[in-house]
Amino acid sequence: MDNEMKIYTRTGDKGQTSLIGGTRVPKYHERIEAYGTVDELNSFIGLIRDQAETDLHSKEILLEIQDRLFTLESHLAEDPDGALTRSMPLLHENDVELLEKEIDLMNENLPDLMNFILPGGHPLVSLCHVGRTVCRRAERICIHLATTHPVAEIDIRYLNRLSDYLFVLSRHLGRLTNSSEIVWKPRY
């Protein structure tokens with residue numbers, strides 16, 4: 001295959017990589033940190049999807065989320081001043097609305113939230129919380145990146161809503177696995 005992607009290129013062996021568009025930057029560059037963290041999030045979403053064996057609907061939504069996260073990663077990896085030779089995939093407002101719709105659907109079958117909940121109760125619930133916290137970190141990094149580089153507002157909004165989705169998904173999957181929510185009881 002002539003068009004096969006090689007896994008190794010040797011071009012990053014000295015600590016640099018290329019943004020989409022060709023600009024070379026150090027591997028610790030803010031853009032690399034941003035899309036690397038979204039990639040980490042995407043990996044956790046895959047792990048959650050693999051473990052959510054009985055919830056086929058959530059598995060479908062999680063797969064769609066993974067696709068959107070690849071889109072978001074491409075936005076973060078793009079050099080707006082580089083020599084871009086192809087169009088980039090887009091996030092749309094309906095991607096954010098899908099997350100909101102899914103949050104509302106899951107919430108219909110959950111008890112009202114009256115307290116803070118500690119992560120845990122079931123491995124799948126805990127995985128959702130790990131994904132949620134990685135998502136919040138990705139959001140913070142993207143917000144910081146936006147102070148010096150262009151970041152689409154919808155990308156940040158998507159990450160914000162996704163962390164909410166992962167929280168509600170943790171509660172939803174906790175209900176499906178008959179796990180008890182662990183209520184935080186502050187000491188005074």
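Would you work out which of GLY82, ILE48, GLY15 lies farthest towards the positive end of the dipole of the range 1-102? Charges go on Cβ: Lys and Arg +1, Asp and Glu -1. Of the candidates, GLY15 comes out farthest on the positive side.
When LYS14, LYS27, LYS59 are arranged by Cβ crowding within 10 Å, least crowded first, meaning fewest neighbours, the order is LYS14, LYS27, LYS59. Sorted ascending by nearby beta carbons within 10 Å, beginning with the fewest, SER58, SER87 become SER87, SER58.
Using Cβ point charges alone (K and R +1, D and E -1), the dipole size of the chain about the Cα centre works out to roughly 800 debye.
Cross-link partners of LYS27 among aspartates and glutamates, defined as those whose alpha carbon lies under 20 angstrom from its own and excluding same-chain residues fewer than eight positions apart: ASP13, ASP39, GLU40, GLU73, GLU78, ASP79, ASP81, GLU139.
Under 5 Å from the amide H of GLU78 lie the amide H atoms of ILE20, each residue being 5 or more positions distant or on a separate chain, with H modelled from the backbone and absent for Pro and chain starts.
Can you tell me how the range 101-188 classifies by the Cα gyration tensor, rounded, prolate or oblate, using a/c under 1.5 as the rounded cut? Prolate, because a/c is 1.5 or more and a/b exceeds b/c. Just want to confirm a number: the relative contact order over the range 1-157, from Cα pairs under 8 angstrom separated by 6+ residues, in percent. Relative contact order here is 30 percent.
Highest mean first, how do 155-163, 63-71 rank when packing is the count of other Cβ atoms within 10 Å averaged over residues?
Result, highest mean first: 155-163, 63-71.
With an a/c value of 1.5 or above and a/b larger than b/c for the gyration tensor axes a ≥ b ≥ c computed over the alpha-carbon atoms, the range 1-98 is described as prolate. Here the residues LEU176, LEU72, ranked from fewest to most Cβ neighbours within 10 Å of their Cβ, fall in the order LEU176, LEU72.
Can you match Rg and Dmax of the Cα atoms in Å to one of these, (i) 18.6, 67; (ii) 16.8, 49; (iii) 66.9, 202, based on a calculation from the structure here? Comparing each candidate, only (i) matches the computed number.
Values in this text are rule-based calculations from the coordinates and carry no lab data. All of these numbers come straight from a predicted model, not from anything done at the bench. Reconstructed Cβ throughout: ideal geometry from the backbone, glycine too, with neighbour counts over all protein chains shown.
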